[in-house]
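Trainee: Quick one: this structure, given as structure tokens, is what I'll be asking you about.
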Amino acid sequence: MKIAVAQTKPIKGVIEANISHHKKLIALAVEHGAGLLVFPELSITGYEPGLAKELAITPDDDRFDDFQLISNGSRISIGIGVPVQGEEGILIGLMIFQPNKPRQVYYKRYLHADEIPYFVAGDEQVFLEEDKEKIALAICYEVFVPEHAAYVHEQGATVYLSSVAKSATGAARAIPTLQATASTYGMAVLMANCVGHCDNFDCGGRTMVIDKGGRVLAELNDTDEGILIFDTSTEHVQSFLSGGSDLSDRDRSHLFTGQKE
């Protein structure tokens, strides 16, 4: 299976423009055979806790119908980051579109302390089972919660897919944690991060693929939008910038902000 993670530069609070940007990266993933593409945390609005009440959507929001049509027509599953209005408050959601299936949402179960004034936590883990892979979804702070990775491993997850909005410092802290998750539980790990300014910080990019042994196979830089496509059978990773430039088979050293491991 080919699993893709996107690196985006959201426009603060402008949902329609961000939808358009998502579609371009989805088209790129489809062109290169990805069966699943997941975007960073709150990618549709940007990570803006202070605007969450204003920007929150409902799970059946028809502005996202095109994602379902693309999923059906191109046979690709898509995960977008959205703030969702729930009965008890606003949740941080990863809305999933699968071919010819009802949309579903994974709600972040473990919130960072800074998020508690703005959001409420979800209570159910979501797995995607595609082409013999059982993919566990994680959202940002959850990668630092040992119980989260342990639970999904116990449930048979083979891939740990994290959708995040992290600063350069946060991304640097997350990488060894994700490597440990991969090597401890024998799960491939992918991280989708954003770039540009969000909330009160600059996002640090470094969208990444880590193999089951904890080795970083590929990462993007901290400035450009793009995607990584990971083949779970061969462990080959393709890298593309948003303009479609293929960086997989030539020198990619200028893409990396840290040393490739």
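The values are calculated or read from the model by the stated rules, or taken from the named source; none is laboratory data. The structure presented is a predicted model; accordingly, all values stated were derived computationally and were not measured. FYI the Cβ positions are ideal-geometry reconstructions off the backbone, even for glycines, and counts take in every protein chain you see. Areas reflect the complete protein model, heavy atoms only, side chains present, ligands, DNA and RNA absent. Shrake-Rupley method; radii C 1.70, N 1.55, O 1.52, S 1.80 Å.
Trainee: Using Cα-only point scatterers and the Debye equation, what is log10 of I(q)/I(0) for the chain at each q in 0.11, 0.12 Å⁻¹, rounded to two decimals?
Mentor: Computed log10 I(q)/I(0) values: -0.51, -0.61.
Trainee: Here's another thing I want to ask about it. Over the chain, give the accessible area per residue in Å² for a 1.4 Å probe, as an integer.
Mentor: Numbers: 10690 Å² over 261 residues.
Accessible surface, normalised per residue, equals 41 Å².
Trainee: Compactness ratio of the stretch 191-233: Cα Rg over 2.2 N^0.38 Å, N = residue count?
Mentor: Its radius of gyration relative to the 2.2 N^0.38 Å reference: 1.29.
Trainee: Quick one: if the Förster radius is 30 Å, what FRET efficiency do Tyr151 and His197 give, using the C-beta to C-beta distance and rounding to 0.05?
Mentor: Efficiency, from the Cβ-Cβ distance: 0.35.
Trainee: In nm, give the distance between the simple-model label positions of Asp61 and His112, each being 7 Å from the Cα along the Cα-to-Cβ direction.
Mentor: 2.1 nm
Trainee: Order of 131-141, 155-165, 66-76, 83-93 by packing, highest average Cβ count within 10 Å first? Display every interim value, and only then the final one.
Mentor: Numbers: 131-141: 21.4, 155-165: 23.2, 66-76: 16.5, 83-93: 18.9.
Ranked by mean Cβ neighbours within 10 Å, highest first: 155-165, 131-141, 83-93, 66-76.
Trainee: Over all alpha-carbon pairs of the stretch 80-140, lay out the pair-distance distribution in 5 Å bins, whole %, shortest bin first.
Mentor: Pairs per bin, as whole percents: 4, 17, 27, 24, 14, 8, 4, 1.
Trainee: Length gain on complete extension for the stretch Asp231 to Ala27, per 0.36 nm per residue less the alpha carbon to alpha carbon distance?
Mentor: Taking 0.36 nm per residue and subtracting the Cα distance, the gain is 71.7 nm.
Trainee: With the full set of protein chains in place, find how many percent of the accessible area of the stretch 150-227 is carbon and sulfur; take the probe as 1.4 Å.
Mentor: Solvent-exposed carbon and sulfur of the stretch 150-227 make up 44 percent of the total.
Trainee: Where the Cα atoms of the stretch 1-134 are projected onto their three principal axes, how long is each span, largest first, in whole Å?
Mentor: 41, 31, 24
Trainee: Might you list the cysteines of the chain that have no disulfide-compatible partner by the rule of another cysteine's Cβ under 4.7 Å?
Mentor: Cys140, Cys198, each lacking another Cys Cβ under 4.7 Å.
Trainee: To the nearest 20 Debye, how big is the dipole of the chain about its Cα centre, given +1 on the beta carbon of each Lys and Arg and -1 on that of each Asp and Glu?
Mentor: Computed about the Cα centre, the dipole is about 460 debye.
Trainee: Residues with beta-carbon under 10 Å from that of Phe230, excluding Phe230: net charge, scoring Lys, Arg +1 and Asp, Glu -1?
Mentor: Neighbour charge sum, excluding Phe230 itself: -2.
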